[in-house]
1. Rg and Dmax of chain A, Cα atoms, in Å?
2. Highest GNM mean-square fluctuation, chain A, Cα pairs closer than 10 Å: which of A:S259, A:S77, A:S105?
3. What does the helix-only formula give at 222 nm for the protein assembly as shown: each DSSP H stretch with n ≥ 4 adding -39500 (n - 2.57), the total divided by the residues, and the result rounded to the nearest 500 deg cm²/dmol?
4. Roughly how many Å is it from the Cα centre of segment B:10-39 to that of segment A:283-358, as a whole number?
5. Provide a whole-number value for the mean count of partner chain Cβ atoms within 10 Å of the Cβ atoms in peptide B:101-112.
6. Based on the inverse mean of 1/r over its pairs of different Cα atoms, what is the Kirkwood hydrodynamic radius of segment A:230-355, in Å?
7. So what are the three principal axis dimensions of chain B from its Cα atoms, in whole Å, longest to shortest?
8. Picking from A:S298, A:S86, A:S342, which is most flexible by a Gaussian network model of chain A using Cα springs under 10 Å?
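FYI, it's all coordinate maths here, none of it is from the lab. Here the structure is a predicted model, which is why all the values come from computation and not from measurement. Every residue, glycine among them, receives a Cβ derived from its backbone with ideal geometry; neighbour counts consider all protein chains shown.
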Amino acid sequence: MELKRTSLYQNHLNQNAKMAPFAGFEMPLQYTSPKEEALAVRNKLGMFDVSHMGEFFVEGKQAVQFLDYLLTNDFGSLGVGKAIYSPLCRDNGTMIDDLIAYHISPEKILICVNASNIEKDWNWMQLQIKKFDCTLTDKSSEYSLIALQGPEAERTLKSLNLHKAVTLPYYGVIEDKYQETAIIIARTGYTGEDGFELFCPHQVINKLWEELLQYGAVPCGLVARDVLRIEVCFPLYGNELSDELNPLDSALKWTVKLSKNNFLGKKAIEEYKAKFRLIKLSIDKGIPREGYAVENSSQAIIGKITSGTLSPVLNKGVALALIDRSLFPADKKFFIKVRKNSIEGTYHKKPFLTGGHK
Amino acid sequence: MTAKVLDHLKYTVDHDWILIENDILTIGITDFAQASLGDIVFVELPEVGSSFSAGDAFGVVESIKSVTDLHIPISGEIIEINEQISDEPELCNKAPFESWLIKVKPSSSSEIEALISAENYKKHCNSIE
């Protein structure tokens with residue numbers, strides 16, 4: 001199967017990006033180095049082409065009711081101009097995807113989904129929307145998306161005369177115009193820093209990328225993106241979340257609002273006894289990688305690393321791990337099997353970094 | 001990319017460089033290797049005194065995205081390892097030919113003859129670029 005290319009493909013080549021297949025697209029893995037790019041986001045400003053992600057629009061009288069039923073998190077109380085993160089669950093409580101839903105206007109909602117799950121999410125939502133007076137449109141092929149992340153994001157948008165965005169609170173969303181074209185800007189991101197996600201029609205995305213470059217935004221690839229989200233302990237579907245896991249297994253209890261009247265998966269999640277616990281571990285030397293076993297003090301396997309990397313900020317190996325609840329060690333000691341060695345990990349209660357988001 | 005190649009060293013197709021001094025072989029990774037690996041963030045070296053056969057994995061080089069085995073070009077015993085590299089793995093990127101990894105006492109001289117010359121290594125690099 002031939003790989004798709006985003007509208008920014010040539011821009012990536014111009015910046016000497018190392019390209020690779022991801023979710024059916026040819027995407028930039030890195031431009032300079034993941035470490036440099038990640039540090040640029042934490043200290044200044046970085047930008048990511050995430051045009052491969054999916055954009056669905058829900059419009060109509062019962063758009064809000066539909067979203068509130070579809071998601072475990074409380075979309076109903078959100079209000080126009082706000083966005084929310086939520087898993088997307090089946091009746092049995094397992095997770096189809098995780099996503100962000102943006103309440104753009106009273107009867108118009110944008111849902112941004114993972115590139116690898118576009119078809120799966122579409123099929124599921126089509127089924128569920130039947131009872132509601134609203135429409136679902138897949139506009140993934142009509143939108144490009146740049147994530148602009150870092151302490152200088154706000155200042156840079158000001159320079160581009162995107163002043164509406166500057167007034168947004170964290171997780172706010174607004175419609176604006178760039179080059180006389182309607183775009184959507186949200187104060188959301190996957191890095192933990194202040195920043196914006198700019199949903200634009202293809203015809204203006206190259207100009208936007210070039211302008212942001214001129215204002216000092218550092219192009220960042222998918223490897224840096226993964227490093228940044230692990231540092232702030234954001235889950236990745238396919239690693240911490242899957243079709244076999246319940247939100248309670250993956251530290252997503254906070255996204256499930258059981259006080260809501262009714263939503264997909266409510267009963268199952270209510271009655272569910274979590275099988276796993278998602279924990280945070282760090283080691284001083286080396287990288288605790290996805291798939292490495294996690295052991296207890298007696299070297300018995302109790303779980304595995306779901307995501308791991310070297311944090312350029314902390315200069316330590318940092319990882320998320322799913323531990324079998326029934327094997328959770330009383331002494332709270334965890335060892336990561338790195339090739340032949342069992343290295344003791346430091347257990348973290350809080351994310352390794354919080355980042356500078358508003 | 002024109003990777004740097006030093007003429008007085010020997011090489012392998014796996015991008016190791018080898019310095020032969022009397023009875024001791026000093027081994028590191030080449031400029032070509034460090035450029036393809038990207039930023040090296042961790043190097044795992046063997047224990048001094050351990051023995052390997054030609055082709056065995058003697059250590060590991062890690063970048064953010066990958067783990068790459070290092071294979072020993074000749075059979076022998078590890079007589080010294082470069083401790084500095086453990087603390088500063090990035091030296092392999094900055095100065096690949098100064099950042100030796102292991103010193104080996106070889107157990108076979110015929111294997112040394114199988115190492116390739118600088119000239120042939122240059123050709124090999126050009127052919128795979």
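1. In order Rg, Dmax, the Cα atoms of chain A give 20.4, 64 Å.
2. With Cα springs under 10 Å in chain A, the top fluctuation among A:S259, A:S77, A:S105 is at A:S259.
3. The helix-only estimate for the protein assembly as shown comes to -6000 deg cm²/dmol at 222 nm.
4. Taking the Cα centre of segment A:283-358 as reference, the centre of segment B:10-39 is 33 Å away.
5. Mean shielding count: 0.
6. This gives a value of 15.2 Å.
7. Answer, in whole Å and largest first: 35, 33, 21 Å.
8. A:S298
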